[in-house]
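Undergrad: Would you mind keeping the following structure in view while I ask a few things?
The values are calculated or read from the model by the stated rules, or taken from the named source; none is laboratory data. All figures in this text were calculated on a predicted structure; none of them were measured in a lab. FYI the Cβ positions are ideal-geometry reconstructions off the backbone, even for glycines, and counts take in every protein chain you see. Ligands, DNA and RNA are excluded from the accessible area calculation, which covers all protein heavy atoms including side chains. Shrake-Rupley method; radii C 1.70, N 1.55, O 1.52, S 1.80 Å.
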Amino acid sequence: MEYYDAIAEGYDGLHKEEQLNKLAIIKGNIKISKDSKLLDVGCGTGISSDFKCFVVGVDKSIEMLRQGKGLNVNSCAENLPFKDKVFDCVVSVTSIHNFSSIKKAMGEIKRVGRQCFVFSVLKKSKKFEGIKRLVESSFQIDKVIEEAKDSIFFCSTV
């Protein structure tokens, strides 16, 4: 996370427009009510946490979290500090390829989520095919939308 700590101050300037485009696609394809509980795994500065419900963001980079607002937790995706099935929806926008153990993180995401899971995966990542196979084996894929740089998987539990 040293890289993200180092670029935290300028992250929004570099990636905000791109992240907002992905967020618009996600918002247009999931049903969230004001009573929903949503977890944003790998939330960074919180660009992808802009939902009209109760949102908790998790990121390993403390400097990225300091740039954001809202309820954010400094933790890693592989060890989420939440009870089972506490979130109605879990999203992870262009962060999965950075997880130390993608398989363990997927298990944790599935454990804390209930019904809606969204994974935006960087297509140019060398880990893309492995991540795609893991999403396919861990969740029911309801829809995939191809965005300029990411494939966005909309999933539910198997």
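Undergrad: Going down the table (Lys124/Lys149; Lys37/Lys132; Lys27/Lys85; Lys27/Lys83; Lys37/Lys110), which pairs top 18 Å between alpha carbons? Walk me through the numbers before you get to the answer.
TA: Details: Lys124/Lys149 7 Å; Lys37/Lys132 25 Å; Lys27/Lys85 21 Å; Lys27/Lys83 25 Å; Lys37/Lys110 15 Å.
Violating the 18 Å Cα-Cα cut-off are Lys37/Lys132; Lys27/Lys85; Lys27/Lys83.
Undergrad: Same structure again: Restricting to Cα pairs below 8 Å that are 6+ residues apart, what does the relative contact order work out to for the chain? Please round to a whole percent. Each step should come with its number before you reach the end.
TA: Working: 313 pairs, mean separation 29.0, N = 158.
About 18 percent, as a whole number.
Undergrad: Along the Cα→Cβ direction, 7 angstrom out, place labels at Ser156 and Asn79. What is the inter-label distance in nm?
TA: Modelled inter-label distance: 3.4 nm.
Undergrad: Given Phe139, Met64, Ala77, which one lies farthest toward the positive end of the charge dipole of the chain, if we put +1 on the Cβ of every Lys and Arg and -1 on the Cβ of every Asp and Glu?
TA: Phe139
Undergrad: OK, next. Which one of Val121, Gly46, Ser36 has its Cα pushed farthest toward the positive end of the charge dipole of the chain, where Lys and Arg give +1 and Asp and Glu give -1 at the Cβ?
TA: The one lying farthest along the dipole's positive direction is Ser36.
Undergrad: If R₀ is 30 angstrom, what is the calculated FRET efficiency for the pair Ser33 and Lys124, using the beta carbon separation as r and rounding to 0.05?
TA: Numbers: r = 35 Å, r/R0 = 1.16.
The computed FRET efficiency comes out at 0.30.
Undergrad: Could you please state how large a percent of the accessible area of region 47-122 is carbon and sulfur, counting protein chains only and using a 1.4 Å probe? If you can, show how the numbers build up before the last one.
TA: Numbers: 1710 of 3350 Å².
The nonpolar share, carbon plus sulfur, comes to 51 percent.
Undergrad: Percent antiparallel among DSSP beta bridges with both residues in region 49-156, to the nearest 5? Numbers along the way, then the final one.
TA: Working: 12 of 22 bridges.
Expressed as a percentage, antiparallel bridges in region 49-156 total about 55.
Undergrad: Now, a different point. To the nearest 20 Debye, how big is the dipole of the chain about its Cα centre, given +1 on the beta carbon of each Lys and Arg and -1 on that of each Asp and Glu?
TA: Dipole of the chain, to the nearest 20 debye: 520 debye.
Undergrad: Provide the per residue accessible area, probe 1.4 Å, for the chain, rounded to a whole number of square angstrom.
TA: On the way: 8200 Å² over 158 residues.
Accessible surface, normalised per residue, equals 52 Å².
Undergrad: Checking the cross-link filter: which aspartates and glutamates have an alpha carbon closer than 16 Å to that of Lys34, excluding same-chain neighbours under 8 positions apart?
TA: Within the straight-line cut-off, Lys34 pairs with Asp50, Asp88.
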